[in-house]
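Peer 1: Below you will find the structure I want to go over with you.
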Amino acid sequence: MRSAFYISDGTALTSETFGHAILSLFPVQFRHRTLPFIDDSEKAQQVVEEINTAFRDSGERPLIFHTFVDSALKQVIVRSEGVCYDFLDHYVAPVQAELGVAAKPKTNRTHGIHQDYNFRIDAVNYTLANDDGVTTRNYGEADIILIGASRTGKTPTCLYLALQYGIKAANYPLTEEDMADLQLPYDLKMHRHKLFGLTIDPDRLQQIRDARRSNSRYASMEQCQFEIDQIEGLYRREAIPYVNSTHASVEEIAAKIMTTARLERHRY
């Protein structure tokens, strides 16, 4: 198994994101190691020893994705037995040429504390307070309201929207008790333009529910199929946009919601 290291004198989020995106294109298994805040020579040398040990153990050169601002620290890392890929060096020069402005490297500039931090904290607090239909009185503040059957991924998607985009996302479950004559509740009709639905394949829903409440009517295949049929019918009748979460990650679901609902990331 090849080793992949994501290293930076900052948070290493950029090197990790770019590195994962690239490696996901290849049908190869990797042992991943993220090493943030390698901000002095002693730490950098310890990382080199770890990289070299991985090389000796496997006989294959580790892949190193790094975003060092401090050039001296970067030189320590590139002398290791790994194969190094530097995203900053690759892109800074052409961007600098286009802008006509010299880059002024500063550690952690991309992840410093800005007003967008406050947006995200407010959004998370809102999402936690308006989870699972616990209250509907704050829906006027919502950027979006996710609806769907129980266990379709509403809560994790709402939290991701809040943390990543600063979106105030509420969610409302359409429960078994609603299925006899499924209509939009009054509180949802009042905010019809904010609604976005989640659905899931019934067999996957049955697996998820069975792990939570085994051998119950709630987890039966018949009930799961019935609820999904009813809810998707509601989405179509009411022209509510929706996405299937069966084979999508939370990140993919959130990105589709942002695009389809034309939401904008809250920034400073």
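The values are calculated or read from the model by the stated rules, or taken from the named source; none is laboratory data. Remember, predicted model here, so these are calculated numbers, not experimental data. Here Cβ is always computed from backbone atoms with ideal geometry, including for glycine, and neighbour counts include all displayed protein chains.
Peer 1: Could you please let me know if Gln223 is surrounded by 19 or more Cβ atoms within 10 Å (Cβ to Cβ), more than 27 Å from the chain's Cα centre (by Cα) and not charged (D, E, K, R)?
Peer 2: Details: surrounded by 19 or more Cβ atoms within 10 Å (Cβ to Cβ): yes; more than 27 Å from the chain's Cα centre (by Cα): yes; not charged (D, E, K, R): yes.
For Gln223, the condition - surrounded by 19 or more Cβ atoms within 10 Å (Cβ to Cβ), more than 27 Å from the chain's Cα centre (by Cα) and not charged (D, E, K, R) - is met.
Peer 1: Determine, yes or no, whether Ser15 is farther than 13 Å from Val78 by Cα, among the small types (Gly, Ala, Ser) and touching a residue at least 40 places away in the same chain (Cβ under 8 Å). Break it down into steps so the answer makes sense when it comes.
Peer 2: On the way: farther than 13 Å from Val78 by Cα: yes; among the small types (Gly, Ala, Ser): yes; touching a residue at least 40 places away in the same chain (Cβ under 8 Å): yes.
When the stated conditions are applied, Ser15 passes them.
Peer 1: Please return the ranges of helices (runs of 4 or more DSSP H) entirely within the stretch 167-262 where 2 or more residues are closer than 26 Å to Gly140 by Cβ. It would help to see each step written out before you state the result.
Peer 2: On the way: elements: 186-189, 202-212, 221-238, 250-260.
Answer list for the stretch 167-262: 186-189, 221-238, 250-260.
Peer 1: Within 24 Å of Ala123 (Cα to Cα), assigned by TED's automatic domain parsing to the domain that holds Phe119 and among the basic types (Lys, Arg) - does that describe any residue in the stretch 200-217?
Peer 2: Step one: of the stretch 200-217, the residues within 24 Å of Ala123 (Cα to Cα) are none.
No.
Peer 1: Please verify whether Ile64 is surrounded by 13 or more Cβ atoms within 10 Å (Cβ to Cβ) and assigned to a helix (DSSP H, G or I), treating the condition exactly as stated. Before you say what the answer is, go through the steps one by one.
Peer 2: On the way: surrounded by 13 or more Cβ atoms within 10 Å (Cβ to Cβ): yes; assigned to a helix (DSSP H, G or I): no.
Against the criterion (surrounded by 13 or more Cβ atoms within 10 Å (Cβ to Cβ) and assigned to a helix (DSSP H, G or I)), Ile64 does not qualify.
Peer 1: Right, Tyr91: modelled with pLDDT of 95 or more and either in a helix (DSSP H, G or I) or among the aromatic types (Phe, Trp, Tyr) (or both) or not?
Peer 2: On the way: modelled with pLDDT of 95 or more: no; either in a helix (DSSP H, G or I) or among the aromatic types (Phe, Trp, Tyr) (or both): yes.
No; evaluated as a whole, the condition is false for this residue.
Peer 1: Sticking with this structure for a sec: Give me the pairs, please: first residue somewhere in the stretch 65-90 and over 14 Å from Tyr6 (Cβ atoms) and in the same structural domain as Gly10 (by TED's automatic domain parsing), second residue anywhere and in a loop (DSSP other than H, G, I, E, B) and small (Gly, Ala, Ser), beta-carbon distance under 8 Å, and either six or more positions apart or on two chains.
Peer 2: What qualifies is Val69/Gly10.
Peer 1: Would you mind finding the one in Ser58, Ser41 that is exposed (fewer than 14 other Cβ atoms within 10 Å of the Cβ), of a type outside the set (A, V, I, L, M, F, W, C) and within 12 Å of Gly82 (Cβ to Cβ)? Can you show your working first?
Peer 2: Working: Ser41 fails: within 12 Å of Gly82 (Cβ to Cβ).
Answer to the selection: Ser58.
Peer 1: Answer with yes or no whether Leu35 is outside the structural domain of Glu251 (by TED's automatic domain parsing) and touching a residue at least 40 places away in the same chain (Cβ under 8 Å). Please lay out each step first, then the result.
Peer 2: On the way: outside the structural domain of Glu251 (by TED's automatic domain parsing): yes; touching a residue at least 40 places away in the same chain (Cβ under 8 Å): no.
Against the criterion (outside the structural domain of Glu251 (by TED's automatic domain parsing) and touching a residue at least 40 places away in the same chain (Cβ under 8 Å)), Leu35 does not qualify.
Peer 1: Might you let me know whether the stretch 168-189 holds any residue that is of a type in the set (S, T, N, Q), under 17 Å from Tyr242 (Cα atoms) and in contact with a helix residue (DSSP H, G or I) (Cβ under 7 Å, 6 or more places away or on another chain)?
Peer 2: Within the stretch 168-189, one or more residues are of a type in the set (S, T, N, Q), under 17 Å from Tyr242 (Cα atoms) and in contact with a helix residue (DSSP H, G or I) (Cβ under 7 Å, 6 or more places away or on another chain).
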